[in-house]
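Below is one structure, written out as structure tokens, with a few remarks after it.
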Amino acid sequence: MTGRSPLSGPLLAEFELIVLLAVLQVGDEAYPLAIRDAIEQRTGRRTSRAAIFITLERLEEKGFVTSRYGDPTPVRGGRAKRLFTPTAAGLAAVKRSVAMVSSMTAGLQALLRKS
Amino acid sequence: MKLAVRILRLAMPASKAEALAGDLAEDLARRWRPRAVREVSLVMLAIGYAAIAAATRAARPPVDALDVKLALRMLVKYPGLTVIAFFSMAVAIAFGAGAFAIHSFLYPRLPLPGGDRIVSIENVDTRYRNDDRQVLHDFAIWQSELETLTDLGAYVDIRRNLLSADGRVDAMRLAQMSAAGFRIAGASPIKGRTLEDRDERPGAEPVLVIGEAMWRRVFGADPAIIGRTVHLGATVHTVVGVMPERFAFPVNHQLWVPFRLDPGRYARGQSPDVNVFARLSPGASLDAAKAEIAVLGERLAQQFPESNQHLRPRIVPYTSVFADFDDIDQLYVMQVAVVMLLVVIAVNVAILVYARTVTRAGEIAMRTALGASRRRIVTQLFVEAGALSAAAAVLALGILQIVFVQIESVLNAFMPGGEAGVPFWMDFSLSPRIVLNTAGLAVIAAAIAGVIPALKVTGRHVQAGLQSLATRGSGLRLGKGWTALVVGQVAITAALLPGAAVMAFSSLKFANADPGFAADEYLVADFGLDPEPQPDPAGSTTRVSFDTRFLSRQAELIRRLESEPGVSAVTHLWTMPGREPNMRITLENGGPIPGEERPGQLIRFNRVDANYFRAFDATRRAGRGFANADARPESTAVIVNQHFVDRFFGGAQPLGRRIQYVPNAGPGPAQAQDGTELPGAYEIVGVVSNAPARELSSNAVNARVYHPLTAETYQTLAVRMDPSRAAAMSQRVRDIAVAIDPAFRVNRTRVLQEVYQLDQTEERWGAMMLAGVTLSVLVLAGGGIYALMSVTVSRRRREIGIRAALGGEPRRILAAIFGRALMLLAAGALIGIVPATLLLRAEDMVGGPVSTWEIALLHVAPSCFCCRLDLRPRTARRGAACASSRRRRCARTARISRTYPRRGCSPSRRTRLTGSAGFRGGGGAIGCLAIS
């Protein structure tokens, strides 16, 4: 009899994982621009606003993040920020995805270091 | 910035749009200093993001599980509306899908290779606009001259006695068909060969091709069937082929013999009925073929004016000639009418849904204020209606399945011989096309019932809904359009309901009628004689010869049957008692009948022999019976029943009085359904008691006129016998007929009781369908009025509460609230009475199965029912509820109550009265008013 795999459950696509990790990195003030900045700083990868916007929408639809509205600021024309927070399901999905990568790279460290 | 936000709001809720615009503004501020550049870029980016959001949304399913869950919850919350709308929609969708299904039954694509290029050809008599199939001579010319058609062939439906090796006799239906029929159908035999052109030549050996089912059933799947000889009537045929089971061309045949009718042996226009078929030549269009045959038809009309002057050939799709529609446009009109019924019902449901939605205006306004888009709310209301219509569609499919099974069984029962059932192209299963049509109708119904109210409520009325949140009253109202719809619907109900109810009641009344005599004692059979020898061109000599042969065999059959044990009477008649068709007569020198819009009086027509009255226990009341001398076409003697005497002579002596038949539409004298002409005056020579004693159908006419049966109209044999011997007698009649002459055949035998039961099954189904529609219309009328009243009360509930609290008389408040609505409904009912009366008169219903006062009652009944439907639940159910759980909502009105105490009213009662004012939908107010 086989038990339920610890990796079972919905997994995140590559960019979804990056965005969700960025949300975790930014913390309480995770709004789209801050998330984009975090990704660019840590990965050096330029990311479009639209990609961030669409991905966050998708993650919210899947129930991996929730959003709330912060205080308005003058530089934003008096508009509030939309702040994102990972949900428990989102955290679990991040764990699964990271564990999946770890599991698949186990024993390959030497090979990966060489290349 | 504002423009950017507006653009973004087109594709997303306001809060998201604001936040995103802020993100964009912040990002642009980091990169660009000039304000103008930032503003322009912001707008451009907003357009791009709005497009992305719209595209992302479009890629998602428009409806999610939550919508469905909420929809189901709303359906459960309003069970009355759900039940009314569900059944009404189901009936309407079933009718709509059924109308489309009829089209696919009657005009399907022929399930043969290149079936859409197979056509029928027939002559149309331009005087009567009916088809003329005595086209044997024209067929020969069409065959040789038409170039746009190929494989032009013909068939004749014939019957022959099939004598099996075990001595069993079956009257079988055969197609005497051209070999071209096998080529057109593109079927190969599973044994032997098909018919070939050489088989049609004079002097060729008589051959027979049989179907696989027949091969198995009658010949026990004999592997050596090819070459075996079979007796068909007096002729021996050799079996040359067995066709696969699915092959039934031209209609539903299982036996085929070569087409051997020789035009030279018949006078032009006097041949048997011939059905002609062909395939469009490669490259030829239907229009080209029609044009070619039209030219040929004109030429034949000039060449043979005596026979073809009024005949014009026409080419139609193959199955069209079997459909009982002169013009396919009639069918389209019927379909449009049925779809209109669906639209009317859906609009009615929409009124109900709108009335309910009005009570939810506050909720909708609140959701809109919290950021729900209009699309989101409309989608949810559409899903609510969609859930309802989807469930209704499932029920409609169930209804259709049951109806289709019944139609197929009835058609099979009517197919003489019943060898192969309905035509091979008719598929009575729920095909994907029918299911698709049903789904389409369900979507239309949901769109009308759900989207229209939703758009109405979420439009400019949202503001009114917001106001209602503050005032606790409904800011919405039924506009003029909705009110007109309700009134119009009441008018339609008043117009149609009496007629439909009369028909349904009378059908139901006769669906279980007892004939009043022992119908199980009668075995009825129709029989025929093979036409041998071939007629000569003059026709008359051979006809006399044929009649002589037939009459001698008939007399011999009667003589032998009368001597059979258990047989008490044998008689010939044209049609069975209770199934006689209506005709119109006038009394000679009788003068016009006051108030009669159409000339003549309805009677039922039959032809019977001298034994008929004795066999059916009709006793002679006056005059004489029929004698052998009366059995000739020129006889003018008729016998009438007691109903006839009572109706037209007030019970006085009618002997010697003469009647005349009113001619049918078109030139010439009156023509009976048995094909004979009734040109002159007919003298009443006898009166008999009524037989059957009770009527068996909803046909309201019970006055009967009997003509003497002649050799030209023999149709049915009735044998009165011991009921326990029915099965044995059925076989015995066949055996005796074949023993007299192998060409003398009994086509079908049935106990009369079975015939009546079949008729009653039809009546029952018709009544049930009518009753379904009638009930649906009635319930919807009630629902529409309920909606009107509900919205009226909903809008004025605060006023009602205040007036009640101030001591207003309930009766006066009710009058004030409902006065205008009742006036409108009365107007609708009055509008409907005129067409209802005209309809009833046109259909001869007045004075028939129901009396005039019953019809008057039916006029009044819908309005009474609807008003009662509106008031009863409000008075009875909600009155008790208004005192308890919802009292807090009415605190404001209750304060008014305390301020203005009602004289003689206890505090608890006051609380109950005023508490009802805040009751959702306003129904409680009426309830409290009523119980107080």
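Could you please find all residues in segment A:56-98 being at pLDDT 85 or above and of a type in the set (Val, Ile, Thr)?
Within segment A:56-98, A:Val65, A:Thr66, A:Thr85, A:Thr87, A:Val94, A:Val98 qualify.
Can you name the residue in segment B:174-210 that is assigned to a helix (DSSP H, G or I) and touching a strand residue (DSSP E or B) at 6+ places or on another chain (Cβ under 7 Å) and, of all such residues, is surrounded by the most Cβ atoms within 10 Å (Cβ to Cβ)?
The selected residue is B:Ile184.
Please enumerate the residues belonging to segment B:169-205 that are under 15 Å from B:Gly153 (Cβ atoms) and touching a Lys or Arg at 6+ places or on another chain (Cβ under 6 Å).
Across segment B:169-205, the qualifying residues are B:Ile184, B:Glu200.
Pull up segment A:76-111, narrow it to residues that are closer than 20 Å to B:Val5 by Cβ and surrounded by 13 or more Cβ atoms within 10 Å (Cβ to Cβ), then point me to the one that is farthest from the other protein chains (Cβ to nearest Cβ).
A:Leu83
Go through segment A:22-55 and give me each residue that's modelled with pLDDT of 90 or more, in a helix (DSSP H, G or I), within 13 Å of chain B (Cβ to nearest Cβ) and in contact with a Ser or Thr (Cβ under 8 Å, 6 or more places away or on another chain).
A:Arg36, A:Glu40
Out of the residues in segment B:3-31 that are among the basic types (Lys, Arg) and either within 11 Å of chain A (Cβ to nearest Cβ) or touching a His at 6+ places or on another chain (Cβ under 8 Å) (or both), state the one that is surrounded by the fewest Cβ atoms within 10 Å (Cβ to Cβ).
B:Arg30
Would you tally the residues in segment B:1-20 being within 15 Å of B:Ala51 (Cβ to Cβ), small (Gly, Ala, Ser) and part of a helix (DSSP H, G or I)?
Qualifying residue count for the region: 2.
Results for (1) surrounded by 22 or more Cβ atoms within 10 Å (Cβ to Cβ); (2) at pLDDT 70 or above, shown as yes or no for each residue.
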site	(1), (2)
B:Thr458	yes, yes
B:Gly465	yes, no
B:Leu469	no, no
B:Ala491	yes, yes
B:Asn512	no, no
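Are any residues in segment B:622-660 of a type in the set (Lys, Arg) and either surrounded by 16 or more Cβ atoms within 10 Å (Cβ to Cβ) or touching a Lys or Arg at 6+ places or on another chain (Cβ under 7 Å) (or both), and if so, which ones?
B:Arg647, B:Arg657, B:Arg658
So, B:Ala97, is that one modelled with pLDDT of 80 or more and either in contact with a helix residue (DSSP H, G or I) (Cβ under 9 Å, 6 or more places away or on another chain) or closer than 30 Å to A:Lys62 by Cβ (or both) or not?
Spelling it out, B:Ala97 is indeed modelled with pLDDT of 80 or more and either in contact with a helix residue (DSSP H, G or I) (Cβ under 9 Å, 6 or more places away or on another chain) or closer than 30 Å to A:Lys62 by Cβ (or both).
Kindly provide the set of residues from segment A:9-21 that are in contact (Cβ under 8 Å) with a residue 60 or more places away in the chain and either within 14 Å of another protein chain (Cβ to nearest Cβ) or over 9 Å from the mean Cα position of the chain (by Cα) (or both), ordered by number.
A:Gly9, A:Pro10, A:Leu11 - these are the residues of segment A:9-21 that are in contact (Cβ under 8 Å) with a residue 60 or more places away in the chain and either within 14 Å of another protein chain (Cβ to nearest Cβ) or over 9 Å from the mean Cα position of the chain (by Cα) (or both).
Where residues in segment B:161-173 are part of a strand (DSSP E or B) and farther than 15 Å from B:Trp215 by Cα, which of them is modelled with the highest pLDDT?
My answer is B:Asn161.
When the residues of segment B:640-673 are narrowed to those that are part of a loop (DSSP other than H, G, I, E, B) and among the polar types (S, T, N, Q), which ends up modelled with the highest pLDDT?
B:Gln653
Could you figure out which of (1) modelled with pLDDT under 85; (2) not in a loop (DSSP other than H, G, I, E, B) isn't true of B:Pro692?
Among (1) modelled with pLDDT under 85; (2) not in a loop (DSSP other than H, G, I, E, B), B:Pro692 violates only (2).
B:Val239: at pLDDT 90 or above and hydrophobic (A, V, I, L, M, F, W, C), yes or no?
It is true that B:Val239 is at pLDDT 90 or above and hydrophobic (A, V, I, L, M, F, W, C).
When segment A:99-115 is examined, which residues are found to be touching a residue at least 60 places away in the same chain (Cβ under 8 Å) and hydrophobic (A, V, I, L, M, F, W, C)?
A:Ala99, A:Met100
Note down all Cβ pairs under 7 Å where the first residue falls in segment B:695-709 and is of a type in the set (Phe, Trp, Tyr), the second is at pLDDT below 65 and not in a loop (DSSP other than H, G, I, E, B), and they're at least six residues apart or on different chains.
Qualifying pairs under 7 Å: none.
Of everything in segment B:133-160, what is in a strand (DSSP E or B), under 36 Å from the mean Cα position of the chain (by Cα) and β-branched (Val, Ile, Thr)? Give them in sequence order.
Residues satisfying the conditions are B:Val156, B:Ile158.
Considering only segment A:71-115, state which residues are of a type in the set (Ser, Thr, Tyr) and either in a helix (DSSP H, G or I) or under 15 Å from B:Gly22 (Cα atoms) (or both).
A:Thr73, A:Ser97, A:Ser102, A:Ser103, A:Thr105, listed by residue number.
Can we say B:Ser41 is more than 10 Å from chain A (Cβ to nearest Cβ), on the phi < 0 side of the Ramachandran plot and of a type in the set (Gly, Ala, Ser)?
The answer is yes for B:Ser41.
Among the residues of segment B:57-80, is there at least one that is of a type in the set (Ser, Thr, Tyr) and either within 14 Å of chain A (Cβ to nearest Cβ) or part of a helix (DSSP H, G or I) (or both)?
no
When only residues in segment B:135-166 that are farther than 21 Å from B:Gln270 by Cα, hydroxyl-bearing (Ser, Thr, Tyr) and touching a residue at least 60 places away in the same chain (Cβ under 8 Å) count, which is surrounded by the fewest Cβ atoms within 10 Å (Cβ to Cβ)?
B:Thr150
Within the bounds of segment B:247-265, is there any residue that is in contact with a helix residue (DSSP H, G or I) (Cβ under 9 Å, 6 or more places away or on another chain) and free of Cβ contacts under 8 Å to residues at least 40 places away in the same chain?
Checking segment B:247-265: not a single residue is in contact with a helix residue (DSSP H, G or I) (Cβ under 9 Å, 6 or more places away or on another chain) and free of Cβ contacts under 8 Å to residues at least 40 places away in the same chain.
Restricting to segment A:83-99, give me the number of residues that are among the small types (Gly, Ala, Ser) and closer than 14 Å to A:Ile18 by Cα.
Residues meeting the conditions: 3.
The values are calculated or read from the model by the stated rules, or taken from the named source; none is laboratory data. These numbers were taken from a predicted model, which means no experiment stands behind them. FYI the Cβ positions are ideal-geometry reconstructions off the backbone, even for glycines, and counts take in every protein chain you see.
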